[in-house]
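Asks: What follows is a single structure, and I will ask about it in a moment.
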Protein chains: 2
Amino acid sequence: MAKKISRRSFIKTSVAAGGAAALLPQTLLSSRMKTRVKLGFIGTGLRGQWMLWLAAKYPEVEIPAICDIDEQMIASALKILKDAGRPEPRIYKKNEEDFRTMLDNETLDGVYIATPWEWHHPMAIAAMNNGIHVGTEVPAALTVKECWDLVNVSEKTNKFCMIMENVCYRRDIMAVLNMVRKNMFGELLHCQGGYQHDLRHVKFNDGINPYGGGVEFGEKGFSEAKWRTQHSIDRNGDLYPTHGLGPVSPMLDINRGNRMLHLTSTATQSRGLHKYIVDKGGKDHPNAAIDFKCGDIVTTVIKCAQGQTIMLSHDTNSPRPYSLNFRVQGTQGIWQKDARSIYIEGVSKEEHRWEEEDQYLAEYDHPLWKRFEDQAEGSGHGGMDFFILRAFIEALKGAEPILDVYDAASMSVVSPLSEKSIRLGSAAVKVPDFTRGKWKDNAPIFGTNDYI
Amino acid sequence: MAKKISRRSFIKTSVAAGGAAALLPQTLLSSRMKTRVKLGFIGTGLRGQWMLWLAAKYPEVEIPAICDIDEQMIASALKILKDAGRPEPRIYKKNEEDFRTMLDNETLDGVYIATPWEWHHPMAIAAMNNGIHVGTEVPAALTVKECWDLVNVSEKTNKFCMIMENVCYRRDIMAVLNMVRKNMFGELLHCQGGYQHDLRHVKFNDGINPYGGGVEFGEKGFSEAKWRTQHSIDRNGDLYPTHGLGPVSPMLDINRGNRMLHLTSTATQSRGLHKYIVDKGGKDHPNAAIDFKCGDIVTTVIKCAQGQTIMLSHDTNSPRPYSLNFRVQGTQGIWQKDARSIYIEGVSKEEHRWEEEDQYLAEYDHPLWKRFEDQAEGSGHGGMDFFILRAFIEALKGAEPILDVYDAASMSVVSPLSEKSIRLGSAAVKVPDFTRGKWKDNAPIFGTNDYI
């Protein structure tokens, strides 16, 4: 009961502070919450195994079936379930299309998809068409048409398609979201995010270990190098926008009071992957002849209906420290992650001077994080994986999906649109309104409570 | 003689390191260097007075004439010259066009222009047409046509038009330029810069003091508020790109081996100036009814012929700490000013971790700064004003202008092009090649030596 009061009082505060409309708990929860759910796994590579390990901790979650085509990965997944004291699941591994058999045969509430990017869309579509809810790893789709497909099929089947964008739940992000909702930054003007992560040792390895040790990929590579690298050969654009865009989307009320209108993308030359191959494998290595299409750094600028801009950076082929490049700026203040700094007019002690972020992040720690910090600890990616998986499971039990198919589409569509913009010399490209006008009335959900 | 050897040895090192082509001192210096120069001043507001005070320190510089229309500012300028033991100059102050009389009547080697932005172009044109070299404050021009005018008249009259972009000489910038030339960052991929400066107290004041104390501007304002604020009413774009673009231009060899091809700009909504008026002057203040056209934050992305991208931010209407937003990134490393951090692959001690910039900036301190650090101290804007004025004076004496009319045009043209891009919904807009192809063969000058 104490929990309930505390949640209510938070919601009250949030409403009183004039932030985005807070939801009452009732609207988050269906009147008939399920007590048990059946969850299938498609893709039991390293990512899938991690989430399987986490999911096996939930007594209310049954895992009757898994699907992959890699024997080694399946064996690891089975060991995880066995170690967790779970019964052995049915295994679908015949070929790349065997997931369809699983979705046809099994009675599942939901399926979690952690396969190569190009498979997320067909698997999500097949699941929803079989009456199964979807949680898909990012990005949810690779083309504009695929994004529309997800929306149309989700609407037709009444099955949700949650994009498992875990960075939405990063603790500092949620504290800043909390500050945004409490109007600390005033009216938002500009946000930044991105994926600035030296992935050269992910895109290339020795075919045995997942990270580095060689310059192989594709058939000769292991884990992500098997499939992820090919995208850098075939496509020039922001290949991975959701870790930057996802977290700022709720701050800007994207799809819920606001939407993205258009974007431009501009790419640098492509040098890093070729250089890495030559530096590590020699200029005579066969891969040194490959022409990588993806520019090393892609900068995307998005304009929103309520006036704000979002700048995203994609920067994965160069030596650089990891950073998601976050910045949140309004008429009253600014937070900038790379400087670990914040400035709020009238609150910061010295005018025109950065303050350390730490005290603010502690003071505005999100109620959800406060409530679950113990469980989140050690659960992967600084706790983010705990929250996103829990949100998915709660949605399967009947709660409103915290990230829905419109979020999946709007976060993912930035990739194909950025490719188009670059192809057309940085032309401004319109962003579809996947909500078909519902963004005007939809109320914010994410981060409005301490429940999911 | 020791100096000469030291200069030569620097140039050798620079060439040996495989950096941009270094100039031999001969090519920087005309065979007939003047020993005395006559320098006129147009605009003796606060900025002009500062530069006048600095110029009066040079025994070889005569200041025979000044021009302004504000009696108070003229009186201050005269006092500066008197205090410096200089003879009283002839004064041109009849009206806004009296600079033409000065340029017609006076025998000057050069003129320094520090007037409201809209006057830089007509004054520079008139000076060159009168056989007088130009040093103009930034920006040099406000429209594409004006930029072309400067180029055409400079070429026709054989008079130079130096843009007085002082940030090019910032000590950290020159150290990083030094590192770029020594190939520390590898091949450059992406640079950032911008003008992120809360100017609300500059755009509005009490009509008596230059900074704050009221919400007046135009006729009722003082100093920059008299004219600068109007640009935020009339124009939506990056109004002040040169402090960000100028410093990265030599790093990217702009106009000297490289050039800008196209850009896009995207603006946020306009809120800050109106909010400031209401917060400080009340909602009934007459200025609260003004509609400011300029978006609070404007993000511009430029694509270069050699593949690189430049991201510029213009952010002057919001509470925020000052930052020019610098970032320089290549295939081998990255420097980012807001984090005060650097990472160089193979040099930085820990992989994937930022290092403090300080040691690098000290180790790669530019030879020019080392040579002149004592003189630069206390000369304004951290020494930058000393260097840019000295470069102008040396050019008047016969040295090659370190920043020329092509730099003036390419740095300044970003403003009108960004306005156009925003007007057209962030359309990609082509950047003219003001060098008419000479960029392909022109060798780098800026920062190649310890002389200017």
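The values are calculated or read from the model by the stated rules, or taken from the named source; none is laboratory data. All of these numbers come straight from a predicted model, not from anything done at the bench. A quick note on method: Cβ atoms are made from the backbone with ideal geometry, for glycine too, and the neighbour counts reach across all protein chains shown. Note: accessible area is taken over every heavy atom of the protein model, side chains too, but ligands, DNA and RNA are not part of it. Shrake-Rupley method; radii C 1.70, N 1.55, O 1.52, S 1.80 Å.
Asks: Say whether the condition of being among the acidic types (Asp, Glu), buried (at least 19 other Cβ atoms within 10 Å of the Cβ) and assigned by TED's automatic domain parsing to the domain that holds B:Thr316 is met by at least one residue in the range B:199-208.
Replies: no
Asks: Still on this structure, please answer the following. Which ones in the range A:379-429 are of a type in the set (Val, Ile, Thr) and over 16 Å from A:Lys303 (Cα atoms)?
Replies: A:Ile388, A:Ile393, A:Ile402, A:Val405, A:Ile422
Asks: Also, I was wondering about something else. Restricting to the range A:345-361, name every residue that is open to solvent by less than 100 Å² (accessible area, probe 1.4 Å) and not small (Gly, Ala, Ser). Steps first, please.
Replies: Here is the first cut: in the range A:345-361, the residues open to solvent by less than 100 Å² (accessible area, probe 1.4 Å) are A:345-348, A:352, A:354-355, A:357-358, A:360-361.
A:Glu345, A:Val347, A:His352, A:Trp354, A:Glu355, A:Glu357, A:Asp358, A:Tyr360, A:Leu361 - these are the residues of the range A:345-361 that are open to solvent by less than 100 Å² (accessible area, probe 1.4 Å) and not small (Gly, Ala, Ser).
Asks: Taking the condition of being assigned to a strand (DSSP E or B) and closer than 21 Å to A:Ile344 by Cβ, how many residues in the range B:198-219 meet it?
Replies: Matching residues across the range B:198-219 total 1.
Asks: Does A:Arg228 count as open to solvent by 10 Å² or more (accessible area, probe 1.4 Å) and among the charged types (D, E, K, R)? Give the steps one after another, and end with the answer.
Replies: Details: open to solvent by 10 Å² or more (accessible area, probe 1.4 Å): yes; among the charged types (D, E, K, R): yes.
Yes: the conditions hold for A:Arg228.
Asks: When the residues of the range A:252-272 are filtered to those that are open to solvent by less than 30 Å² (accessible area, probe 1.4 Å) and more than 14 Å from chain B (Cβ to nearest Cβ), which remaining residue is nearest to A:Phe326 (Cα to Cα)?
Replies: A:Ile254
Asks: Which one of these is modelled with pLDDT of 95 or more and within 24 Å of A:Ala339 (Cα to Cα): B:Ala289, B:Ala267, B:Ala339?
Replies: B:Ala267
Asks: For the range B:392-410, indicate whether the set of residues that are open to solvent by less than 10 Å² (accessible area, probe 1.4 Å), in a loop (DSSP other than H, G, I, E, B) and within 14 Å of chain A (Cβ to nearest Cβ) is non-empty.
Replies: Taking every residue of the range B:392-410 in turn, none turns out to be open to solvent by less than 10 Å² (accessible area, probe 1.4 Å), in a loop (DSSP other than H, G, I, E, B) and within 14 Å of chain A (Cβ to nearest Cβ).
Asks: Between a residue in the range A:393-407 that is among the β-branched types (Val, Ile, Thr) and any residue that is in a loop (DSSP other than H, G, I, E, B), which pairs come within a Cβ distance under 7 Å, given they are 6 or more apart or on different chains?
Replies: These pairs meet every condition: A:Ile393/A:Tyr58; A:Ile402/A:Ile445; A:Ile402/A:Phe446; A:Ile402/A:Ile452; A:Val405/A:Phe160.
Asks: Scan the range B:273-289 for residues that are more than 9 Å from chain A (Cβ to nearest Cβ) and either closer than 30 Å to A:Leu424 by Cβ or open to solvent by 40 Å² or more (accessible area, probe 1.4 Å) (or both) and jot them down.
Replies: Those that are more than 9 Å from chain A (Cβ to nearest Cβ) and either closer than 30 Å to A:Leu424 by Cβ or open to solvent by 40 Å² or more (accessible area, probe 1.4 Å) (or both): B:His274, B:Val278, B:Asp279, B:Lys280, B:Lys283, B:Asp284, B:Pro286, B:Ala289.
Asks: Can you name every residue in the range B:312-324 that is out of contact with any Phe, Trp or Tyr (no Cβ under 8 Å at 6 or more places or on another chain) and either basic (Lys, Arg) or surrounded by fewer than 24 Cβ atoms within 10 Å (Cβ to Cβ) (or both)?
Replies: Correct list: B:Tyr322, B:Ser323.
Asks: Another question about this same structure. Determine, yes or no, whether A:Asp450 is touching a Pro at 6+ places or on another chain (Cβ under 8 Å) and more than 28 Å from A:His314 (Cβ to Cβ). Before the answer, list the steps.
Replies: Details: touching a Pro at 6+ places or on another chain (Cβ under 8 Å): yes; more than 28 Å from A:His314 (Cβ to Cβ): yes.
It is true that A:Asp450 is touching a Pro at 6+ places or on another chain (Cβ under 8 Å) and more than 28 Å from A:His314 (Cβ to Cβ).
Asks: Of all residues in the range B:290-306 being buried (at least 19 other Cβ atoms within 10 Å of the Cβ), within 30 Å of B:Arg436 (Cβ to Cβ) and not β-branched (Val, Ile, Thr), which is farthest from the other protein chains (Cβ to nearest Cβ)?
Replies: This residue is B:Cys304.
Asks: Can you name the condition, by its number, that B:Gly346 falls short on among (1) under 19 Å from B:Cys168 (Cα atoms); (2) outside any strand (DSSP E or B); (3) assigned by TED's automatic domain parsing to the domain that holds B:Pro241?
Replies: The failed condition is (1).
Asks: Let me ask something else about it. Out of the helices (runs of 4 or more DSSP H) lying entirely within the range A:225-324, which hold 2 or more residues that are more than 21 Å from A:Glu118 (Cα to Cα), among the hydrophobic types (A, V, I, L, M, F, W, C) and in the same structural domain as A:Ser410 (by TED's automatic domain parsing)?
Replies: It comes to A:242-251, A:272-281.
Asks: Another question, if that's okay. Among the residues of the range A:421-452, how many are within 14 Å of chain B (Cβ to nearest Cβ) and β-branched (Val, Ile, Thr)?
Replies: Counting residues in the range A:421-452 that are within 14 Å of chain B (Cβ to nearest Cβ) and β-branched (Val, Ile, Thr) gives 3.
Asks: Something else now. A:Val328: crowded, with 24+ Cβ neighbours inside 10 Å, modelled with pLDDT of 95 or more, under 23 Å from the mean Cα position of the chain (by Cα) and within 8 Å of chain B (Cβ to nearest Cβ), yes or no? Quick ask: steps written out before the conclusion?
Replies: On the way: crowded, with 24+ Cβ neighbours inside 10 Å: yes; modelled with pLDDT of 95 or more: yes; under 23 Å from the mean Cα position of the chain (by Cα): yes; within 8 Å of chain B (Cβ to nearest Cβ): no.
So A:Val328 does not fit the description; no.
Asks: Right, here's the next one. Is it fair to say B:Ile445 is assigned to a loop (DSSP other than H, G, I, E, B) and outside the structural domain of B:Asp238 (by TED's automatic domain parsing)?
Replies: Against the criterion (assigned to a loop (DSSP other than H, G, I, E, B) and outside the structural domain of B:Asp238 (by TED's automatic domain parsing)), B:Ile445 qualifies.
Asks: Another question, then. Specify the residue that is surrounded by the fewest Cβ atoms within 10 Å (Cβ to Cβ); the eligible residues are those in the range A:138-148 that are in a helix (DSSP H, G or I) and within 19 Å of the chain's Cα centre (by Cα).
Replies: A:Trp148
Asks: Residues being touching a helix residue (DSSP H, G or I) at 6+ places or on another chain (Cβ under 8 Å) and part of a loop (DSSP other than H, G, I, E, B): count how many of those fall in the range B:349-391.
Replies: The total comes to 7.
Asks: For the range B:411-428, which residues satisfy the criterion of being open to solvent by 10 Å² or more (accessible area, probe 1.4 Å) and not in a helix (DSSP H, G or I)?
Replies: Within the range B:411-428, B:Leu424, B:Gly425, B:Ala427, B:Ala428 meet the criteria.
Asks: Output the residue which, of all residues in the range B:338-358 that are of a type outside the set (Asp, Glu) and more than 9 Å from chain A (Cβ to nearest Cβ), is farthest from the chain's Cα centre (by Cα).
Replies: B:Lys349
Asks: Regarding the range B:34-47, can at least one residue be identified that is over 19 Å from the mean Cα position of the chain (by Cα) and modelled with pLDDT under 95?
Replies: yes
Asks: Looking at B:Leu78, B:Leu108, B:Leu54, can you tell me which residue is closer than 23 Å to B:Lys159 by Cα and surrounded by 15 or more Cβ atoms within 10 Å (Cβ to Cβ)?
Replies: B:Leu108
Asks: Cβ-Cβ below 9 Å, separation at least six or inter-chain, first residue in the range A:144-164 and under 18 Å from A:Val414 (Cα atoms), second in a helix (DSSP H, G or I) and open to solvent by 50 Å² or more (accessible area, probe 1.4 Å): which pairs?
Replies: So the pair list comes out as A:Val144/A:Lys420.
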